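What follows is a single structure, written as structure tokens, with notes after it.
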Amino acid sequence: MAREETRTVKSTTTPPFATARSSATAQDEGAAMPATRAWAVRLVVVGIVLSALNLRPAITSFGALLAEVRDGLGMSGSLAGLLTSVPPLCFAVFGVMAPRLARRFGAGAVVCAGMVAITAGLLIRPYTGSALGFLAASALALMGIAVSNVLMPVIVKRWFPDRVGSMTGLYSMALALGTSAAAAVTVPVTEALGGNWQSGLAVWAALAGAAVLPWIPLVRDREPAPAGKDVSRHVSARVEGAGAVRHVHTRVEPPVLRITRSRTAWALAVFFGLQATAAYITMGWMAQIFRDAGVPAGTAGLLLAVTMAMGVPLAFVIPRVATRLPHQGPIVIALGVCGLAGYAGLYFAPAGGAWAWAVLLGISNCAFPLALTMVGMRARTGAGVAQLSAFAQSTGYLISIPGPLLVGVLYQHSGGWGLPIALMTGLMVPQMAVGVLAGRDRTVEDEAAR
């Protein structure tokens, strides 16, 4: 009677029957890897910094010239509010596609394409001649920003798994620098170019074009993370039959994480959405609040720049501090209190204490690098970070869509800034509450498994 077939599964990570030749080859590869990896790591750092510099100028340059763009294109207050709501809408719609695109083409290739889209959108939108064309070209640039937003934490986790806080801080600092620079110099550059707002907006396409270059050599980089153990594993099935032994190699993919089962993922998504609401209201409308209070246009742009510039040092410090704390709730509370104080100042004395309110709101807006840091901390694996980043950012940006639009509607129909500022103040309270929940020492993998 023929005996039954039995199957034993062995890991092939370190085969016991490796030959001397394969060992020598591995040694040669090991000698070549450090130099190759060091070169690639430096290129990734440059790419991260240049990409981060380009993730907000499309928005803050528009905010600094909002009045000129409205007059030039004949926009109403409600339509201008719609334009300030386009960024989170694009981030939500296109950001959710980023992990799938990265799996198919590689994260480097997707970010490179994103920088190309930003360049094209910024170059085209000032010269479309209509509000609809301006909106469509802005959406193209924002699509590139969206996929890069989602993939930056993934790239950081992949290339710098032991330096998530430091690299997130560097990325966030560069993002804040680009944001503040666009707010500060767009008006002076426009004046230097003869007062032409189209040229003042189009000039930012040059910076985006520079960000394409570091990613070109990494377009074909589709390997898993250096640690690589969480992406997939190869197993060898040794099948014993009635006189035949054969090895069957197969690729076992990790199970899909059911991210919606995690309370921490939901808390982080809502926290991300509320901080994004505050940030895009600030970027889109704060300069106009100061201008309506009698502050000159150039000074209003500088005040917005100060708000954005607060993120340059703090975006580097906060992630490093956050990674050293078991619970990030105290940081959430501190940032929220600064936001409440800034909104109170805008309500009672917008011009009198303008610089103080700009600083306080700038500190409050550093909830963004904190949220990015928590994305990296709330998942154990690279695949988990990718799913959590896409879920938190896409869901969060969906939540943030009505905020800037509602501010524009309230401003137009109430004739002042009292109601919009009250709305901003009211949203800060739930932001603090869900931020404390998201800051607990949990991982989404554990919660989804339960």
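The values are calculated or read from the model by the stated rules, or taken from the named source; none is laboratory data. These numbers come from a predicted model, not from an experiment. Because the Cβ atoms are built from the backbone with ideal geometry, glycine has one as well, and the counts that use them run over all protein chains shown. Only protein heavy atoms, including side chains, enter the accessible area calculation; ligands, DNA and RNA are left aside. Shrake-Rupley method; radii C 1.70, N 1.55, O 1.52, S 1.80 Å.
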Report task. Can you confirm whether the stretch 196-206 contains a residue that is open to solvent by 40 Å² or more (accessible area, probe 1.4 Å), in a helix (DSSP H, G or I), modelled with pLDDT of 85 or more and within 14 Å of L53 (Cβ to Cβ)? Result -> yes
Query raised in the report: Across the stretch 352-376, what is the number of residues that are among the hydroxyl-bearing types (S, T, Y) and farther than 17 Å from A392 by Cβ?
Result: 1
Requested in this report: Give just the number: which of (1) in contact (Cβ under 8 Å) with a residue 24 or more places away in the chain; (2) outside any loop (DSSP other than H, G, I, E, B) does P161 not satisfy?
Outcome: (2)
Report summary line: Out of (1) in a helix (DSSP H, G or I); (2) buried (at least 22 other Cβ atoms within 10 Å of the Cβ), the one A379 does not meet is (1)
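From the list L405, L419, L360, pick out the single residue that is open to solvent by 10 Å² or more (accessible area, probe 1.4 Å), more than 19 Å from A276 (Cβ to Cβ) and out of contact with any strand residue (DSSP E or B) (no Cβ under 9 Å at 6 or more places or on another chain).
Of L405, L419, L360, the one residue that is open to solvent by 10 Å² or more (accessible area, probe 1.4 Å), more than 19 Å from A276 (Cβ to Cβ) and out of contact with any strand residue (DSSP E or B) (no Cβ under 9 Å at 6 or more places or on another chain) is L419.
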Query raised in the report: Taking the stretch 338-356 as the region of interest, how many residues are in contact (Cβ under 8 Å) with a residue 24 or more places away in the chain and within 26 Å of the chain's Cα centre (by Cα)?
Result: 4
**Report entry** Count of residues meeting criterion [farther than 15 Å from A182 by Cβ, open to solvent by 10 Å² or more (accessible area, probe 1.4 Å), touching a residue at least 24 places away in the same chain (Cβ under 8 Å) and not β-branched (V, I, T)] in the stretch 41-67
**Finding:** 2
Report summary line: Picked from the stretch 309-348 (must be open to solvent by 40 Å² or more (accessible area, probe 1.4 Å) and not in a helix (DSSP H, G or I)), the residue nearest to D292 (Cα to Cα) is M310
Query raised in the report: List, please: which pairs have Cβ atoms under 9 Å, are six or more places apart or on different chains, and start with a residue in the stretch 296-317 that is more than 16 Å from L170 (Cβ to Cβ) and end with one that is surrounded by fewer than 24 Cβ atoms within 10 Å (Cβ to Cβ) and among the charged types (D, E, K, R)?
Result: A297/E68; A297/R291; G298/E191; T299/R291; A300/R291
Requested in this report: Would you point out which residue out of A98, A109 is touching a residue at least 60 places away in the same chain (Cβ under 8 Å) and surrounded by fewer than 24 Cβ atoms within 10 Å (Cβ to Cβ)?
Outcome: A109
Query raised in the report: Where residues in the stretch 436-449 are farther than 17 Å from T381 by Cα and part of a loop (DSSP other than H, G, I, E, B), which of them is least open to solvent (accessible area, probe 1.4 Å)?
Result: G439
Requested in this report: Could you figure out which of (1) open to solvent by 40 Å² or more (accessible area, probe 1.4 Å); (2) not in a helix (DSSP H, G or I) isn't true of T299?
Outcome: (2)
Report summary line: A careful count of residues in the stretch 112-155 that are open to solvent by less than 20 Å² (accessible area, probe 1.4 Å), hydrophobic (A, V, I, L, M, F, W, C) and within 18 Å of S61 (Cα to Cα) gives 10
